[in-house]
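First the structure, in the form of structure tokens, and then the observations on it.
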Amino acid sequence: MKLTYRGSSYESNIKVIEPASNCSILCYLVMSITKTVRLRRLTAAMFLSLLSNTAILLVPTSPSQATQSDCDGNAVIGRFRRVGSGASFSFNGRKVELQNESALDTYSRAEIKSGWRSGDRVWVDRSYKRYMPFDSGIKSDADAKSQGWKQCGPFSGRRTQSVINSVYAARACALIDGVTKCGKWYLD
């Protein structure tokens, strides 16, 4: 079976595998059908969206200056997890998180997780510098900005839309009580 993903073609290697004690049917399907980690993530996300018994809640954001072209993904559905190591931060009673989507590992967003007040603004920056896949972790400000960056937002709600983080660095930023604060750049 041939699959095309982001312009690249992949041959699948379908074979029967013996179940491990801690692997669900989804795990077997993903492991059997795909060869690469990125393709496994894509396949897992497709199966999770079909098989999930968890309700998916879309929380709209209210853009104050953002346009759809500033962001790479609008209303991305998935499970997002907090990024630590300085990419998320606390400031003036607010907890601001950089969050990465965990099924595909393709998108990041920013959210004021607690303490949000009217007048707060939140956005996510994304570098134009392209990194090698799997070169994950914190990136220096100078390195991430070396080829420029774009801003997805600001949004007057608690959460931003999404930017691609699989080959670009992202950081969460917020305007809180008239002060702009950003976390560290992070590549997932």
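The values are calculated or read from the model by the stated rules, or taken from the named source; none is laboratory data. Being a predicted model, the structure only gives us computed values, none of them experimental. With ideal geometry, Cβ positions are generated from the backbone for all residues, glycine too; neighbour counts draw on all protein chains shown. Accessible surface is based on the protein model in full, side chains and every heavy atom, while ligands, DNA and RNA are left aside. Shrake-Rupley method; radii C 1.70, N 1.55, O 1.52, S 1.80 Å.
On inspection, Tyr168 does not qualify as within 13 Å of the chain's Cα centre (by Cα), part of a strand (DSSP E or B), surrounded by 15 or more Cβ atoms within 10 Å (Cβ to Cβ) and touching a residue at least 24 places away in the same chain (Cβ under 8 Å). Could you tell me whether any residue of the range 148-157 is farther than 20 Å from Gly93 by Cβ, outside any strand (DSSP E or B) and not charged (D, E, K, R)? Yes, because at least one residue in the range 148-157 is farther than 20 Å from Gly93 by Cβ, outside any strand (DSSP E or B) and not charged (D, E, K, R). When you check Arg109 against the structure, is it surrounded by 13 or more Cβ atoms within 10 Å (Cβ to Cβ), modelled with pLDDT of 95 or more and not small (Gly, Ala, Ser), yes or no? Yes: the conditions hold for Arg109. Evaluation of Lys184 against the conditions (1) open to solvent by 60 Å² or more (accessible area, probe 1.4 Å); (2) without any contact (Cβ under 8 Å) to a residue 40 or more places away in the chain shows that the sole unmet condition is (2). Just a yes or no: is a residue in the range 128-140 more than 25 Å from Asn92 (Cβ to Cβ) and part of a strand (DSSP E or B)? Yes, there is a match, as at least one residue in the range 128-140 is more than 25 Å from Asn92 (Cβ to Cβ) and part of a strand (DSSP E or B).
Checking each residue of the range 123-135 against the condition of being out of contact with any Gly (no Cβ under 6 Å at 6 or more places or on another chain), within 25 Å of Ile77 (Cα to Cα), among the basic types (Lys, Arg) and surrounded by fewer than 15 Cβ atoms within 10 Å (Cβ to Cβ) gives at least one match.
Annotation: of all residues in the range 67-98 being at pLDDT below 95 and of a type in the set (Val, Ile, Thr), the one that is farthest from the chain's Cα centre (by Cα) is Thr67. If the condition is being open to solvent by less than 30 Å² (accessible area, probe 1.4 Å) and either farther than 22 Å from Val96 by Cα or at pLDDT below 95 (or both), then the range 136-150 contributes Gly137, Gly148. Pairing each residue of the range 100-127 that is aromatic (Phe, Trp, Tyr) with any residue that is crowded, with 24+ Cβ neighbours inside 10 Å and in a loop (DSSP other than H, G, I, E, B), provided the two are 6+ apart or on different chains, yields C-beta distances under 8 Å for Tyr107/Asn165; Trp123/Thr160. Within the range 85-103, being out of contact with any Leu (no Cβ under 6 Å at 6 or more places or on another chain) and either open to solvent by 30 Å² or more (accessible area, probe 1.4 Å) or farther than 22 Å from Ser156 by Cβ (or both) holds for Ser85, Gly86, Ser90, Phe91, Asn92, Gly93, Lys95, Asn100, Glu101, Ser102.
In the set Gly78, Gly153, only one residue is in contact (Cβ under 8 Å) with a residue 24 or more places away in the chain and open to solvent by less than 30 Å² (accessible area, probe 1.4 Å); that residue is Gly153.
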